[in-house]
Amino acid sequence: MPARQVILAVCVTLALAATAGCTVSVGGGDQDDEGTQLFGEGNSMQWDLTRPLETETLGLPSDQMVIVDVPEDATVSLVLPSGTWSGRTEEMTVTTRHGYVDSVDLFWTEADGQAAADRMVADAELLGLDAAQVAGWAETAKWAETADVNETRAKDNFNGANGEVSTAVKPSMAVGEGPGTPVRLWYLFYVRGVVEAAG
């Protein structure tokens with residue numbers, strides 16, 4: 001199954017489970033066939049998540065989960081209450097609610113389990129994660145590389161917070177494909193607390 005179809009399936013599942021009434025938007029309006037365009041010069045995007053982001057000013061629908069058109073070599077910078085997170089992304093979705101951005105989801109692939117663990121550890125303090133806990137993903141990945149089990153993917157979920165911004169990091173990789181198996185990272189920035197605090 002192509003990566004775009006996989007992420008769309010994940011988005012639909014998340015929408016049904018977490019945001020009642022949310023729909024997936026692909027194309028139409030000010031969008032092209034690939035999705036909503038939010039990246040600017042240099043294939044970069046910066047949002048300040050410390051304040052409510054109104055969907056109208058961003059050209060986003062009011063209550064939807066939107067697949068963003070991500071250019072090659074895209075970088076995202078997100079201002080958090082105690083610093084700025086920056087990184088590359090391969091896929092991105094934005095969920096909106098009642099006229100504001102509700103969450104930002106970023107997806108990309110690291111070369112292997114150690115690379116994924118290193119990235120998560122580097123981000124741990126800023127995202128309010130337990131650094132020792134996310135470092136343990138390297139061992140989980142080593143096991144998954146050669147595991148002989150019925151599971152098709154090894155997954156984990158690490159939750160944290162930076163002020164009013166809640167965070168989650170979810171690594172996922174195929175099981176039993178040998179050393180050097182790529183790891184898919186999903187970073188979630190949930191900003192409903194920022195909107196509610198401002199209201």
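Read-outs: derived from the displayed coordinates by stated rules, not from any lab. Given the structure is predicted, the values throughout are model-derived calculations rather than measurements. As a convention, Cβ positions derive from the backbone with ideal geometry for all residues, glycine included, and neighbour counts pool all protein chains shown.
Quick one: putting +1 on the C-beta of Lys and Arg, -1 on the C-beta of Asp and Glu, what dipole do you get for the stretch 81-125 around its Cα centre, in Debye to the nearest 20?
200 debye
Based on Cα positions only, what radius of gyration and what Dmax would you give for the stretch 89-199, in angstroms?
15.4, 52
Going by average Cβ neighbours within 10 Å, how do the peptides 103-112, 50-59 rank, with the highest at the top?
Those peptides, ordered most packed to least, come out 103-112, 50-59.
How far apart, in nm, are two points set 7 Å out from the Cα along the Cα-to-Cβ line at A198 and at A135?
Between A198 and A135, the label points sit 3.7 nm apart.
Just want to confirm a number: the relative contact order over the stretch 139-199, from Cα pairs under 8 angstrom separated by 6+ residues, in percent.
The normalised contact order for the stretch 139-199 reaches 33 percent.
Please give the contour-minus-distance gain from V79 to D48: 0.36 nm per residue of separation, less the Cα-Cα distance, rounded to one decimal in nm. All intermediate terms of the calculation are to be shown ahead of the outcome.
Numbers: separation 31, 0.36 × 31 = 11.16 nm, distance 0.45 nm.
Length gained between V79 and D48: 10.7 nm.
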